[in-house]
Amino acid sequence: MQNQFENALQQLDKAAKVINLEEEVLTQLRTPDRILQIKVPVVMDDGSLKNFEGYRVQHNNWAGPYKGGLRYFPSVDLNEVKALALWMTIKCSVAGIPMGGGKGGITVDPKKLSPGELERMTKSFARALAPNIGAQVDVAAPDVYTNGQIMAWILDEYTKITGKEELALITGKPMERGGSAGRDRATAMGAFYVLKALLEKINLNVFETAIAIQGFGNAGGVMAELCFADGIKVVATSDSSGGIYNEAGLNIAALMKHKQSTGAVTGFSGATSVTNEALLELPVTILIPAALENQITGANAERIKAKYIIELANGPVTPEGDEILAKNGIKSVPDVLANSGGVTVSYFEWEQNIKNEKWTEADVFVKLKEIIVPAFEDVWNKHLDKQIDLRTAAFARALEKLRSLWYNDVRKKFNN
Ligand code: GLU
């Protein structure tokens with residue numbers, strides 16, 4: 001098993017070198033500010049009491065409150081959460097939003113819990129988190145296998161404790177609980193703007209582009225819809241049941257219906273089946289990993305045929321994978337840029353809550369585009385200027401901004 005945090009540190013160190021980052025700044029960023037390891041007791045439906053293991057890692061808050069999702073997944077562990085928290089700091093800095101980095105989660109397979117157990121577990125977690133979160137302190141959001149309902153439960157429990165509803169406590173809430181228009185589709189929408197900006201850079205028209213998307217959930221599924229509506233051929237996609245492939249392109253609208261009625265993408269007529277691993281190696285123009293970490297590694301990177309990768313998932317390519325891709329001339333738009341649409345619209349939600357405003361979906365997406373396209377340009381230019389890969393360029397730009405915050409503001413606090 002890859003040590004995710006080691007991977008994240010390697011990426012950090014590599015970029016730090018490129019910009020000659022001062023040792024003291026790097027030292028601050030290599031260690032998270034605070035690690036909460038949380039016992040989450042839950043009364044199960046059969047009356048027994050079970051303790052789950054939860055975490056919240058607050059990595060950095062120089063730019064603003066800690067910000068990042070909570071995931072419920074069986075493989076969640078401290079190293080993973082530490083890596084994801086560090087990536088959130090970098091992501092917010094790349095996007096230039098005034099938020100820091102954090103992440104949390106519970107080691108659990110939520111599909112094995114009843115709705116009542118899921119709610120009790122979430123509220124138990126919220127009670128344990130309560131002293132350390134807040135609209136100006138640490139603002140959580142959905143991530144893998146968590147959703148608006150779970151965010152609403154956390155808000156409910158927090159409100160019960162503090163006696164005052166503070167909507168900006170958490171983002172990714174349902175619309176009727178102060179959520180933002182567009183938040184559900186924001187991660188994919190951001191990646192779609194990035195994809196269009198990339199196609200422009202490489203002079204490729206949409207009709208010459210074939211895409212494979214690993215994952216058909218909130219990120220991958222919406223991305224497939226956006227591509228399909230734009231005339232971009234999505235030739236393959238997958239979910240946990242397996243994958244499907246049609247060289248001529250999949251009808252994503254029909255596939256959505258199929259997934260809604262059967263619960264899986266597999267078995268879709270007019271497509272051949274392909275495993276999640278084989279999907280990564282298909283002859284496509286652009287590969288979009290939109291599921292989990294560690295998909296493209298030292299073991300399979302050599303077989304990737306795509307010319308470009310857009311990382312919609314967090315951490316899908318390991319440093320060994322990166323090295324092989326670079327050697328083979330394959331460029332990967334990193335997660336910290338490509339999937340930053342999610343946290344950017346989370347920030348918009350937070351801002352709307354604080355100002356007591358409601359923006360339309362159209363407004364939200366215009367504002368998102370105004371942030372993510374310049375961020376892409378900025379990273380693209382850095383990678384050309386310095387002749388470095390896009391991930392290192394994204395980290396380098398993030399670190400330059402964090403360095404200014406440190407020297408212009410934060411460092412003073414440790415001086416008296
Ligand atoms: N979980 C998402 C991410 O990894 C969104 C985080 C947020 O909205 O705070 O970027």
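The values are calculated or read from the model by the stated rules, or taken from the named source; none is laboratory data. Bear in mind the structure is a predicted one, so any value in this text is a computation, not a measurement. Quick reminder, even Gly has a Cβ in these numbers, built from the backbone with ideal geometry, and neighbours come from all protein chains shown. Note: areas computed on protein heavy atoms with side chains; ligands, DNA, RNA excluded. Shrake-Rupley method; radii C 1.70, N 1.55, O 1.52, S 1.80 Å.
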message: Could you work out how much longer the chain between Tyr407 and Asn205 gets when fully extended? Use 0.36 nm per residue separation minus the Cα distance between them, nm to one decimal.
response: 68.3 nm
message: What is the percent carbon and sulfur in the accessible area of region 308-355, measuring with a 1.4 Å probe over the protein chains and ignoring ligands?
response: 50 percent
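At a Förster distance of 25 Å, what's the computed FRET efficiency of Arg34 paired with Lys164, Cβ-Cβ distance as r, to 0.05? All intermediate terms of the calculation are to be shown ahead of the outcome.
On the way: r = 24 Å, r/R0 = 0.97.
So, using R0 = 25 Å, E works out to roughly 0.55.
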field: region 217-271 - percent of accessible surface contributed by carbon and sulfur, probe 1.4 Å
entry: 51 percent
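Quick check for me: using +1 on Lys/Arg Cβ and -1 on Asp/Glu Cβ, what's the dipole size of the chain about its Cα centre, in debye to the nearest 20?
Numbers: 46 positive and 49 negative charges, 108 e Å.
In total the dipole reaches around 520 debye.
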task: Take the alpha carbon atoms of region 351-371, find their center, do the same for region 174-212, and report the distance between the two centers in whole angstrom.
output: 16 Å
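From largest accessible area down, sort Tyr145, Tyr55; use a 1.4 Å probe on the protein chains. Write down the numbers at each step before the final one.
Working: Tyr145 95, Tyr55 15 Å².
Ranking Tyr145, Tyr55 by accessible area, largest first, yields Tyr145, Tyr55.
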message: Apply the Karplus curve 6.51 cos²θ - 1.76 cosθ + 1.60, θ = phi - 60°, to the phi angles in region 333-344 and return the couplings in whole Hz, x for Gly and Pro.
response: 6, x, 3, 5, 10, 5, 9, 6, x, x, 6, 5
Alpha-carbon centroids, region 248-300 and region 80-114: separation in whole Å: 25 Å
- line: If amide H atoms are modeled at 1.01 Å from N in the peptide plane, then the residues at a separation of 5 or more from Ala291, or on another chain, having amide H under 5 Å from its own are Ala313
statement: Diffing region 15-23: the Karplus 3J(HN,Hα) column from phi (6.51, -1.76, 1.60, θ = phi - 60°), in whole Hz with x for Gly and Pro, holds 6, 4, 5, 4, 9, 6, 5, 4, 3
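Could you grab the relative contact order for the chain? Cα pairs under 8 Å, six or more apart, rounded to a whole percent.
Numbers: 865 pairs, mean separation 68.3, N = 416.
The value is 16 percent.
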query: Put +1 on the Cβ of each Lys and Arg and -1 on the Cβ of each Asp and Glu in the chain; which of Asn203, Leu402, Met88 then has its Cα farthest toward the positive end of the dipole?
result: Leu402
message: Among 74-80, 186-192, how do they line up by average Cβ neighbours within 10 Å per residue, starting with the highest?
response: 186-192, 74-80
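For region 118-198, run through the trypsin sites (Lys or Arg not before Pro) and keep only the ones in DSSP coil with at most 11 other Cβ atoms within 10 Å of their Cβ.
Lys164
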field: region 238-249 - phi-based ³J(HN,Hα) in whole Hz, Karplus 6.51/-1.76/1.60, Gly and Pro as x
entry: 7, 9, 5, 7, x, x, 9, 9, 9, 4, 7, x
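Are any of the pairs Lys103/Lys367; Lys67/Lys369; Lys91/Lys160; Lys196/Lys369; Lys307/Lys401; Lys173/Lys358 more than 22 Å apart by Cα-Cα distance, and if so, which?
On the way: Lys103/Lys367 25 Å; Lys67/Lys369 20 Å; Lys91/Lys160 32 Å; Lys196/Lys369 11 Å; Lys307/Lys401 30 Å; Lys173/Lys358 13 Å.
Table pairs above 22 Å Cα-Cα are Lys103/Lys367; Lys91/Lys160; Lys307/Lys401.
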- prompt: Taking only protein heavy atoms and a 1.4 Å probe, what accessible area per residue, in Å², does region 144-198 have with all protein chains in place?
  reply: 37 Å²
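Report in % the part of the accessible area of region 101-153 that belongs to carbon and sulfur, leaving out ligands and nucleic acids; probe 1.4 Å. Don't skip to the end; give the middle numbers.
Working: 1010 of 1860 Å².
So the carbon and sulfur contribution to the accessible surface is 54 percent.
Summing -39500 (n - 2.57) over the DSSP H runs of n ≥ 4 in the chain and dividing by its residue number, what mean residue ellipticity at 222 nm do you reach, to the nearest 500 deg cm²/dmol?
Working: 14 runs with 189 residues, N = 416.
It lands at -14500 deg cm²/dmol.
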query: In Å², what does the accessible area per residue of region 1-123 work out to with a 1.4 Å probe?
result: 39 Å²
message: Ordering Phe73, Phe348 by accessible area with a probe of 1.4 Å, largest first, what comes out?
response: Phe73, Phe348
message: Checking a compactness column here: for the chain, what do you get for Rg(Cα) / (2.2 N^0.38 Å), N being the number of residues?
response: 0.95
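Quick one: accessible area per residue over region 201-308, 1.4 Å probe, rounded to a whole number of Å²?
42 Å²
In region 325-416, which GluC sites (Glu not before Pro) fall in coil by DSSP and have 11 or fewer other Cβ atoms within 10 Å?
On the way: sites: Glu349, Glu351, Glu357, Glu361, Glu370, Glu377, Glu400; in loops: Glu357.
Here the GluC sites (Glu not before Pro) that fit, given the DSSP loop and packing criteria, are Glu357.
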